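This report refers to the structure that appears directly beneath it.
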Amino acid sequence: MSETAEWGNVCSRVDTCALTGAAAFFTGIKGAEVLVNGPLWCYFYALRHLEKSNSRLGERFHGSQPDNNAVVYGTEECLTDALDYIRENRAPSILLIENSCSVSLIGDDIEGIAAKAKLPFSVIGMDSGGLRGGFAEGYSKASIRLWQYLDLPDIKIKCRLGVNLLGATTAYFNGRNDLEEIKRILETANYRVIAVPGAGSELETLQKIPAAQLNIVINEELGLETAKYLKERYGTPYVVAGIPYGLKGTLRWLEKIAEVLPSDLESVREECVKTQEELLTAVNEAKCTWGELWFDKIIVAAPGTTAFCISQTLREEWADTEKLTVICQNTLKDLRGPVEADEILLAEKDSKKIEQILQQADNTLILGSSSESSVLLREGKIFWCCNIAYPVQDEVLLATAPFAGIRGAGHMLQRLWNLKIKAQLPY
């Protein structure tokens, strides 16, 4: 890496731009579509990232393709052409038009241009703000923009044990499988999941969001600001629960929710006990042959919530190490750093130190992405990689097994033990 490179660069190694984040939220609404008012590079950059979780996303993801003259004199002509195509060929429930970084500097009134087109569907316009933030900032901004646009009436009679999941996304690595497991656990505990904005709910369902008794923030970097807005607008309380990893972690996560909105957790506890017995049998047999699940050093590098929650479970349930370093892509406000971590670094502030740590790492387990493991590979280090975040170039994940929750506990232990075993094999 060059001395001037920043580890947390947007559109670079460990993050994507705000345009991608905003598009992730709106394409996560069933029936919604997105029009990128910007260069093809921005369009394909976002599409390449988002279509990992939806191979048919290109049908709902459009680009206006402004030329060099449009970037100087305005994008109305090319934007109108794109809107004409969508009106004639598509029928979205709602359309997001987002300006790219360069087009944002022009100051085009994109909602005014859309109004002239007399479209038969709702349109929301926004600047992506890519120069001022990454994926999380774009996702959060788009979410709040939707609620401001809808301005739903408050629902006085709330749905008993009704909850919304905020800050969920299938654009995170294995995010769809984790979300399904989270919903399953909540439903097992008798909660009713009303809406999951940006991760599968359709617009009609999202209009019921004020009916919830509680908003549960999954990824803080994506959902906290939205939770604050909804509390101010509708009075709905929220809890920043994070992501449940491991069996103890899942129960702790669920109990945190139950402190605010009590429910019967006995069925989940029974499932955790049964799963723990099964995993203990398998792990004890592995220990007899391969020893303890120990790695000299462990580095966890991922989006903020993922990094904090996984590192908390690592030493508590899964593995042990001499030194645990946590690298977060985002600053978290409500989730506190786990005491199990020996060092916590932020990609946006500690890029030089992160580069140094990666270049000097040896005999290290990386729970992160291909960005971190590629550094150790170039440096000729001995390491083992367990991918938990994008970008991922050295693994194909096809199964429906989650990383989170009760079912994810067995999956993650399986991945870690297999790394441990392969490290000791002579071939």
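The values are calculated or read from the model by the stated rules, or taken from the named source; none is laboratory data. Keep in mind that what you see is a predicted model, and the values were worked out from it rather than measured. Cβ atoms come from the backbone with ideal geometry, glycine included; neighbour counts cover every protein chain shown. Note: accessible area is taken over every heavy atom of the protein model, side chains too, but ligands, DNA and RNA are not part of it. Shrake-Rupley method; radii C 1.70, N 1.55, O 1.52, S 1.80 Å.
Numbers for the structure displayed
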item: Qualifying residue in segment 366-373 (condition: modelled with pLDDT of 95 or more and under 18 Å from G405 (Cβ atoms)); result: yes
item: Residue that is farthest from I124 (Cα to Cα), among those in segment 17-47 that are crowded, with 24+ Cβ neighbours inside 10 Å and of a type in the set (F, W, Y); result: F25
item: Candidate set: segment 311-330, residues that are open to solvent by 30 Å² or more (accessible area, probe 1.4 Å) and free of Cβ contacts under 8 Å to residues at least 60 places away in the same chain; chosen: the one farthest from I388 (Cα to Cα); result: E322
item: Scope segment 360-387; condition under 27 Å from the mean Cα position of the chain (by Cα) and either open to solvent by 20 Å² or more (accessible area, probe 1.4 Å) or among the acidic types (D, E) (or both); matching residues; result: E372, S374, L377, F383, W384, C385
item: Qualifying residue in segment 152-169 (condition: within 18 Å of I218 (Cβ to Cβ), of a type in the set (V, I, T) and part of a loop (DSSP other than H, G, I, E, B)); result: yes
item: Answer from L152, L57, L83, L119 - the residue that is out of contact with any Gly (no Cβ under 8 Å at 6 or more places or on another chain) and under 30 Å from Y238 (Cα atoms); result: L152
item: Filter result for E98 (touching a residue at least 24 places away in the same chain (Cβ under 8 Å), over 20 Å from E33 (Cβ atoms) and not aromatic (F, W, Y)); result: no
item: Pair list, Cβ under 7 Å, 6 or more apart: segment 243-259 residue of a type in the set (S, T, N, Q), other residue in a loop (DSSP other than H, G, I, E, B) and modelled with pLDDT of 95 or more; result: T250/P244
item: Segment 159-197: number of residues that are open to solvent by less than 20 Å² (accessible area, probe 1.4 Å) and not hydrophobic (A, V, I, L, M, F, W, C); result: 10
item: Residue within segment 198-216 that is open to solvent by 20 Å² or more (accessible area, probe 1.4 Å), at pLDDT 95 or above, more than 20 Å from the chain's Cα centre (by Cα) and small (G, A, S) present; result: no
item: In segment 26-50, the residues that are over 18 Å from S104 (Cβ atoms) and either modelled with pLDDT under 90 or not aliphatic (A, V, I, L, M) (or both); result: T27, G28, K30, G31, E33, F44, R48, H49
item: Sole exception among (1) assigned to a helix (DSSP H, G or I); (2) touching a helix residue (DSSP H, G or I) at 6+ places or on another chain (Cβ under 6 Å); (3) modelled with pLDDT under 95; (4) within 29 Å of K349 (Cα to Cα) for A23, by number; result: (3)
item: Odd one out for G125 among (1) out of contact with any helix residue (DSSP H, G or I) (no Cβ under 7 Å at 6 or more places or on another chain); (2) without any contact (Cβ under 8 Å) to a residue 60 or more places away in the chain; result: (1)
item: Unique match (being in contact with a strand residue (DSSP E or B) (Cβ under 8 Å, 6 or more places away or on another chain), in a helix (DSSP H, G or I), at pLDDT 95 or above and within 30 Å of V392 (Cβ to Cβ)) among L222, L251, L279; result: L222
item: G74, sole failed condition from (1) at positive phi; (2) out of contact with any Asp or Glu (no Cβ under 8 Å at 6 or more places or on another chain); result: (2)
item: Near pairs, Cβ below 9 angstrom, 6+ apart or cross-chain, from segment 138-164 (without any contact (Cβ under 8 Å) to a residue 60 or more places away in the chain) to any residue that is small (G, A, S) and surrounded by fewer than 15 Cβ atoms within 10 Å (Cβ to Cβ); result: none
item: Output for segment 392-414, where each listed residue is more than 17 Å from E181 (Cα to Cα) and either among the hydroxyl-bearing types (S, T, Y) or crowded, with 18+ Cβ neighbours inside 10 Å (or both); result: V392
item: Residue in segment 40-64 that is farthest from S102 (Cα to Cα), counting only those that are in contact with an Asp or Glu (Cβ under 9 Å, 6 or more places away or on another chain) and not in a helix (DSSP H, G or I); result: R60
item: Index of the failed condition, P244 passing every other in (1) in contact with a strand residue (DSSP E or B) (Cβ under 9 Å, 6 or more places away or on another chain); (2) open to solvent by less than 10 Å² (accessible area, probe 1.4 Å); (3) part of a loop (DSSP other than H, G, I, E, B); result: (1)
